[in-house]
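Visitor: Shown below is the structure under consideration.
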Amino acid sequence: MAFVICEPCIGTKDTACVDVCPVDCIHPTKGEGEFEAAEQLFINPDECIDCGACESACPVQAIFPLDAVPDEWKSYIDKNAEHYK
Ligand code: SF4
Ligand code: SF4
């Protein structure tokens, strides 16, 4: 399983989740070139260890465990994974 970043990140993108992720699997970070152009941040599903730290750190509740992603945001599951292909 993995956690997934959904629509509320768009327009917020404050990187609070990046600061708490113990395995640095959320990108792009502020130091990465693509940060400015990125609409939102994405979680690498192959590296996420399901600790849940990011979920409670997000000020706009954009992050959900895979099995709890709301129906209207299911497309974000692929969107997060695609970022790492
Ligand atoms: S659940 Fe944990 S490991 Fe996965 S992205 Fe969030 S903070 Fe990182
Ligand atoms: S904490 Fe939430 S709003 Fe901020 S970058 Fe992460 S997912 Fe986006």
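Here, each number is a calculation from the coordinates, and none is a lab measurement. It should be emphasised that the depicted structure is a prediction, and the values quoted were computed from it without experimental measurement. Cβ sites come from the backbone with ideal geometry, for glycine too, and all protein chains shown count toward neighbours.
Visitor: Using amide H atoms built 1.01 Å from N in the peptide plane, name the residues 5+ places from ILE63, or on other chains, whose amide H lies under 5 Å from its own.
Guide: Residues meeting the amide H criterion: CYS6.
Visitor: Then there's this: Around PRO28, under 12 Å between beta carbons, what's the net of Lys plus Arg minus Asp minus Glu among the other residues?
Guide: Residues near PRO28 contribute -3 overall.
Visitor: Given the -39500 (n - 2.57) contribution per DSSP H run of 4+ residues, what per-residue ellipticity at 222 nm results for the chain, rounded to the nearest 500 deg cm²/dmol?
Guide: Helix contribution divided over all residues of the chain: -5000 deg cm²/dmol.
Visitor: In the chain, what cysteines have no partner Cβ closer than 4.7 Å?
Guide: CYS6, CYS9, CYS21, CYS25, CYS48, CYS51, CYS58
Visitor: Would you kindly derive the ³J(HN,Hα) couplings of the stretch 5-11 from the backbone phi angles with the Karplus curve 6.51 cos²θ - 1.76 cosθ + 1.60 (θ = phi - 60°), listing them in order in whole Hz, with x for Gly and Pro?
Guide: With coefficients 6.51, -1.76 and 1.60, one gets 8, 10, 3, x, 5, 5, x Hz.
Visitor: Counting every Cα pair in the stretch 3-82, what percent are over 20 Å apart?
Guide: So the portion of pairs separated by more than 20 Å is 20 percent.
Visitor: Also: Taking the alpha-carbon distance from LYS13 and a cut-off under 16 Å, which lysines remain once sequence neighbours fewer than 8 residues away in the same chain are dropped?
Guide: LYS30, LYS79
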